[in-house]
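Undergrad: Let me give you the structure first, and then I'll get to my questions.
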Amino acid sequence: QKEVEQNSGPLSVPEGAIASLNCTYSDRVSQSFFWYRQYSGKSPELIMSIYSNGDKEDGRFTAQLNKASQYVSLLIRDSQPSDSATYLCAVRRAAGNKLTFGGGTRVLVKP
Amino acid sequence: GAVVSQHPSWVICKSGTSVKIECRSLDFQATTMFWYRQFPKQSLMLMATSNEGSKATYEQGVEKDKFLINHASLTLSTLTVTSAHPEDSSFYICSARSGRDNEKLFFGSGTQLSVL
């Protein structure tokens with residue numbers, strides 16, 4: 001079992017719709033969770049971080065964390081073609097520890 | 001946000017040569033930097049953790065004699081791919097934690113290495 005799992009996609013959504021991405025992790029003591037966006041040939045860019053159960057909203061993005069079920073999700077509202085990218089879920093066990101990345105979900109937003 | 005500069009952006013070299021990649025934190029001091037490798041359509045794989053003034057910690061399966069890491073100052077870490085071979089062709093990315101927010105990791109722009 002991979003430490004951090006994501007559906008590779010591609011997840012195809014029409015422009016203006018909501019894109020829903022999921023990520024599950026195996027280490028129960030994980031404390032910090034991050035979503036990164038990566039365009040092809042570029043390095044990852046931090047979108048959201050979440051540390052406690054529940055929802056966290058930032059603009060069109062909402063991260064949801066459920067530690068009991070060991071999953072974290074990302075919602076992208078009003079999806080735009082510029083949101084087409086690979087979204088990486090990353091998990092850290094404790095402050096100062098290394099990040100473990102999922103395989104990424106490729107999102108395609110069609111005009 | 002914190003800025004991490006990585007150089008060069010891309011490099012093409014002949015098999016057997018060595019390539020040095022630099023990673024600099026421009027507006028903060030990074031006591032810890034991380035080096036990742038990413039093959040096409042795959043996720044980031046941590047190669048090593050670089051701590052200023054001490055030896056790097058390598059992940060299992062990463063050859064420390066082939067991937068030399070030097071973190072001589074709080075703002076600079078280098079990765080040298082020694083005697084590069086075509087299988088070393090990959091996208092190499094450095095990252096650093098900002099002292100202002102130890103939870104967040106900021107990435108360099110990456111280096112695409114192609115070994116002929």
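Undergrad: Here's a check for you: in region B:57-116, which residue that is within 14 Å of chain A (Cβ to nearest Cβ), in contact (Cβ under 8 Å) with a residue 40 or more places away in the chain and of a type in the set (A, V, I, L, M) is nearest to A:PHE34 (Cα to Cα)?
TA: B:LEU105
Undergrad: If a residue must be more than 12 Å from chain A (Cβ to nearest Cβ) and buried (at least 16 other Cβ atoms within 10 Å of the Cβ), how many such residues does region B:23-56 contain?
TA: 6
Undergrad: So, in region A:57-111, of the ones that are within 11 Å of another protein chain (Cβ to nearest Cβ) and at positive phi, which residue ends up modelled with the lowest pLDDT?
TA: Only one residue tops the list, namely A:GLY96.
Undergrad: If you don't mind, another one. Among what's in region A:72-89 and is within 10 Å of the chain's Cα centre (by Cα) and hydroxyl-bearing (Ser, Thr, Tyr), pick the residue that is surrounded by the most Cβ atoms within 10 Å (Cβ to Cβ).
TA: A:TYR87
Undergrad: Among the strands (runs of 3 or more DSSP E) confined wholly to region A:1-62, which include 1 or more residues that are acidic (Asp, Glu) and under 15 Å from A:ARG92 (Cα atoms)?
TA: A:4-6
Undergrad: In region B:1-59, what count of residues is obtained for those that are in a strand (DSSP E or B) and of a type in the set (D, E, K, R)? Full working, then the answer.
TA: Here is the first cut: in region B:1-59, the residues in a strand (DSSP E or B) are B:4-7, B:10-13, B:19-25, B:32-38, B:45-51, B:57-58.
Checking the rest, the ones that are also of a type in the set (D, E, K, R) come to B:20, B:22, B:24, B:37.
Residues in region B:1-59 being in a strand (DSSP E or B) and of a type in the set (D, E, K, R): 4 in total.
Undergrad: For region A:28-50, which residues satisfy the criterion of being exposed (fewer than 14 other Cβ atoms within 10 Å of the Cβ), farther than 16 Å from A:ALA85 by Cβ and either in contact (Cβ under 8 Å) with a residue 60 or more places away in the chain or of a type in the set (Ser, Thr, Tyr) (or both)?
TA: A:VAL29
The values are calculated or read from the model by the stated rules, or taken from the named source; none is laboratory data. Owing to the predicted nature of the structure, the values given are computational and were not obtained by experimental measurement. Note: ideal-geometry Cβ built from the backbone for every residue, glycine included; neighbour counts use all protein chains shown.
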